[in-house]
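Below is one structure, written out as structure tokens; the observations come after it.
The values are calculated or read from the model by the stated rules, or taken from the named source; none is laboratory data. Predicted model, so just to flag it, every value in this text is computed and none were measured. Cβ sites come from the backbone with ideal geometry, for glycine too, and all protein chains shown count toward neighbours.
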Amino acid sequence: MSEESKKKIMFTVRKPPHGTIYVYEGLEVKLIMAAYDADISVVFIDDGVYALKAGQDTRELGIKGFEATYGVLVDYEIQKVYVDRQSMEERGLTEDDLLVIGEDEDTEEPIRPKMVDSSEIAAMMAEQHNILSF
Amino acid sequence: MLHTVNKSPFQNMALENCLRFTQSGDVILLMEDGVYGAVSGTAKSPLVESALAKKIKVYALGADLKARALGETIQGVEVTDYSGFVDLVEANRIHSWL
Amino acid sequence: MKLAVCIYEGPYNHEASDSAYNFIKAAVAKGHEIRGIFFYHDGVYNVTKLMDPPQDDRHIANRWSELGATGIDIVVCIAAAKRRGIVDEVLVPNVRISGLGQLTMMAIEADRMVIFGD
């Protein structure tokens, strides 16, 4: 199927991690959906940006974390990963605080989620076939 | 775009944050606890009033308003039912601000 | 129009299940096709036959089962269900357990997917 005819599916993540299961089970959906013929993007907004903070350690909680899985999103062919700039700024976060989601095949440079403005996200939303909130 | 908001603006930022991602011509549907945002004369009424001023159409689900004994909605907010909700979904792409 | 509906929250505890049900009834009444209903997160608790609400309240599981009897595909996510102790033996009739691939197909094939959750 050509890139143009693939259905665009966006995921929006707006909840913080660990307090509830939404982010964790939402990630399971993204990994499965990536195996199908769809043009997938993931956008982290509001407290969702905390899900991408590097250095999460859930061992003391006794629950399974997901930082390792986020670290290989690019390997799952999920390359369109965006964070909302204002949500980051409001929380005192910069791109350097974010975990790495993979590395560039050629240069082996680490790939981090891309910071974008809310107007860009709004424009992307309007292009989607369906949007799933997780 | 249709944006659905189901949280009270007094307790949750969903409505306020949703507004940042709405464009002229978009539609917001307030439902469940989201209908508290549709009430006139509250400290949070300016949120919906600012959306209306941006040419964003705002609807509130009548069943949720009635269940919560909410009568006076902000001028310009249209009260709709589940059938109207279906029509909004048919006419727009949708994002739920859960 | 082909519509799909996703429900994330458990019955009675959250209005999501009722909102979704009322939305689907209205959509069916208007002649829309329901491509499928998918239960995820605690939503998987919506369709257990072990539920026994007071007589004067709605029976949420039976309501979904009746919708399933009309031919609507109602799917409970297997991963979310197993985690929460929901298995085939406790499901009401006319719903099935399957994988996230079903959610994917609904998201791709339905013209609109409407999410009800917290």
Given (1) away from chain C (no Cβ under 14 Å); (2) surrounded by 15 or more Cβ atoms within 10 Å (Cβ to Cβ); (3) in contact with a helix residue (DSSP H, G or I) (Cβ under 7 Å, 6 or more places away or on another chain), index of the condition A:Met124 fails: (3)
Qualifying residues in segment C:60-118 (those that are within 12 Å of chain A (Cβ to nearest Cβ) and β-branched (Val, Ile, Thr)) - the one surrounded by the fewest Cβ atoms within 10 Å (Cβ to Cβ): C:Ile78
C:Phe23 vs. criteria touching a Leu at 6+ places or on another chain (Cβ under 6 Å) and either in contact (Cβ under 8 Å) with a residue 60 or more places away in the chain or more than 26 Å from A:Val29 (Cα to Cα) (or both): no
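Within segment C:8-18, is there a residue that is under 19 Å from C:Glu109 (Cβ atoms), surrounded by 15 or more Cβ atoms within 10 Å (Cβ to Cβ) and more than 10 Å from every other protein chain (Cβ to nearest Cβ)?
From segment C:8-18, those under 19 Å from C:Glu109 (Cβ atoms) are none; that's our starting set.
Within segment C:8-18, not a single residue is under 19 Å from C:Glu109 (Cβ atoms), surrounded by 15 or more Cβ atoms within 10 Å (Cβ to Cβ) and more than 10 Å from every other protein chain (Cβ to nearest Cβ).
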Number of the condition not met by C:Ala26 [criteria: (1) touching a helix residue (DSSP H, G or I) at 6+ places or on another chain (Cβ under 9 Å); (2) more than 14 Å from every other protein chain (Cβ to nearest Cβ)]: (2)
Residue pairs meeting the criteria (Cβ under 6 Å; at least 6 apart or on separate chains; first at pLDDT below 95, in segment A:1-19; second part of a strand (DSSP E or B) and not hydroxyl-bearing (Ser, Thr, Tyr)): A:Lys6/A:Ala38; A:Lys6/A:Asp39
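Scan segment A:44-64 for residues that are more than 10 Å from every other protein chain (Cβ to nearest Cβ) and within 15 Å of the chain's Cα centre (by Cα) and jot them down.
Within segment A:44-64, A:Phe44, A:Gly48, A:Val49, A:Tyr50, A:Ala51, A:Leu52, A:Lys53, A:Ala54 qualify.
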Positions within segment B:47-98 being at the interface with chain C (Cβ under 8 Å from one of its Cβ atoms), within 22 Å of B:Gln11 (Cβ to Cβ) and in a loop (DSSP other than H, G, I, E, B), in sequence order: B:Leu98
Candidate set from segment A:55-68 (those that are closer than 15 Å to A:Tyr22 by Cα and surrounded by fewer than 16 Cβ atoms within 10 Å (Cβ to Cβ)); member that is modelled with the highest pLDDT: A:Ile63
Some residue of segment B:10-31 being more than 20 Å from C:Ala20 (Cα to Cα), within 11 Å of chain C (Cβ to nearest Cβ) and surrounded by fewer than 23 Cβ atoms within 10 Å (Cβ to Cβ): yes
Pick from segment A:69-84, criterion within 10 Å of the chain's Cα centre (by Cα) and aromatic (Phe, Trp, Tyr), ranking: modelled with the lowest pLDDT: A:Tyr70
